[in-house]
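Following: one structure in structure tokens, then a few remarks.
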Amino acid sequence: MPLVNSREMFRKAYEGGYAIGAFNVNNMEIVQAITEAGKLENAPLILQVSAGARKYAKHVYLMKLIEAAVEDTDLPIVVHLDHGADFDICKSCIDGGFTSVMIDGSHHDFETNIALTRRVVEYAHERNVTVEGELGRLAGIEDAVNVSAEDAAFTDPDQVVEFVERTGVDSLAIAIGTSHGAFKFKGTPRLRFDILEEVSRRLPAFPIVLHGASSVIPEYVDMVNAYGGNMPGAQGVPEDMLRQAARSAVCKINIDSDLRLTFTGTLRKYLAEHPEHFDPRQYLTPVRDALREMVRHKIVNVLGCNGKA
């Protein structure tokens with residue numbers, strides 16, 4: 001099966017009351033773990049590549065890894081640019097074989113965001129590539145995205161119809177209280193489901209996206225801290241809230257921090273317990289295994305997209 005764009009995948013997710021996991025990839029073990037989990041659970045997948053990942057691993061290496069994963073699993077897989085900052089990076093990814101891109105114009109004023117997003121949409125749609133836009137700004141830090149709590153803003157439902165109609169985007173990332181990174185909440189976690197419901201009412205049957213939606217699994221936070229980490233108070237989005245969102249209009253849920261924590265916690269634990277080992281195959285195998293099982297858990301218990309490939 002060749003790489004696909006997100007259009008049909010999101011239509012099925014909306015109608016079926018589930019969401020697709022958009023997992024960030026950086027190297028071979030992460031790609032293998034995610035796609036092995038997808039194969040075991042017969043789940044569609046979105047493999048996300050950030051600008052930082054493209055710089056770290058190089059575009060061509062990541063594309064060849066993803067092509068190998070498609071051949072190995074025969075799953076419907078979208079390769080998606082996460083947080084494209086401008087037209088040029090979106091164009092580069094489209095020209096380089098990505099099937100979906102996000103243009104993040106949320107830091108611009110409304111009119112500039114529309115103009116930038118529309119330009120990307122026109123270029124992408126001519127090449128059968130889907131486009132995600134964003135309204136509202138999530139707080140937190142992830143790769144090149146760095147937004148302070150003071151600069152964060154919830155999505156204004158009054159703007160969503162105009163934005164979608166004028167840009168022609170295929171999906172919309174909204175801000176309802178999630179944030180990038182491992183420190184998402186102080187006190188009781190709360191998402192603005194009222195905003196999600198109002199957006200859904202105004203955009204019927206339209207795919208909504210949640211960024212910053214890792215749950216920051218306590219097991220792996222504890223593991224990181226037990227072996228030299230310093231993450232007191234790290235708190236993510238409760239999985240029951242994400243499942244509630246997946247049953248509604250949310251068709252794509254982004255997961256990155258959970259991958260990083262699982263990778264780092266498992267690696268630190270293994271090396272602490274086996275200081276004599278120096279073969280990367282010895283310590284990266286349990287890392288890959290842990291990542292695969294974490295992704296399987298997300299697919300089945302959070303996203304609900306198992307059996308939907």
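The values are calculated or read from the model by the stated rules, or taken from the named source; none is laboratory data. Predicted, not measured: the structure shown is a model, and the values here were computed from it. Note: ideal-geometry Cβ built from the backbone for every residue, glycine included; neighbour counts use all protein chains shown. Keep in mind that these areas ignore ligands, DNA and RNA; they rest on the heavy atoms of the full protein, side chains included. Shrake-Rupley method; radii C 1.70, N 1.55, O 1.52, S 1.80 Å.
Numerical summary
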| item | result |
| --- | --- |
| Pick from the stretch 251-309, criterion more than 16 Å from the chain's Cα centre (by Cα) and of a type in the set (Ser, Thr, Tyr), ranking: nearest to ASN42 (Cα to Cα) | THR285 |
| Filter result for THR155 (at pLDDT below 95, crowded, with 22+ Cβ neighbours inside 10 Å and not in a helix (DSSP H, G or I)) | yes |
| Residue in the stretch 275-291 that is open to solvent by less than 40 Å² (accessible area, probe 1.4 Å) and within 22 Å of VAL78 (Cβ to Cβ) present | yes |
| Test: TYR227 is in contact with an Asp or Glu (Cβ under 8 Å, 6 or more places away or on another chain) and not polar (S, T, N, Q) | no |
| Among the residues listed as GLU150, GLU122, the single one being more than 19 Å from CYS251 (Cα to Cα), at pLDDT below 95 and of a type in the set (Asp, Glu) | GLU150 |
| Where THR262 falls short, out of the listed (1) hydroxyl-bearing (Ser, Thr, Tyr); (2) over 21 Å from ARG192 (Cα atoms); (3) open to solvent by 10 Å² or more (accessible area, probe 1.4 Å) | (3) |
| Residue match in the stretch 215-226 (condition: in contact with a helix residue (DSSP H, G or I) (Cβ under 9 Å, 6 or more places away or on another chain), open to solvent by less than 20 Å² (accessible area, probe 1.4 Å), in a loop (DSSP other than H, G, I, E, B) and farther than 30 Å from THR285 by Cβ) | no |
| Residue pairs meeting the criteria (Cβ under 7 Å; at least 6 apart or on separate chains; first acidic (Asp, Glu), in the stretch 35-48; second surrounded by 24 or more Cβ atoms within 10 Å (Cβ to Cβ)) | GLU41/ILE299 |
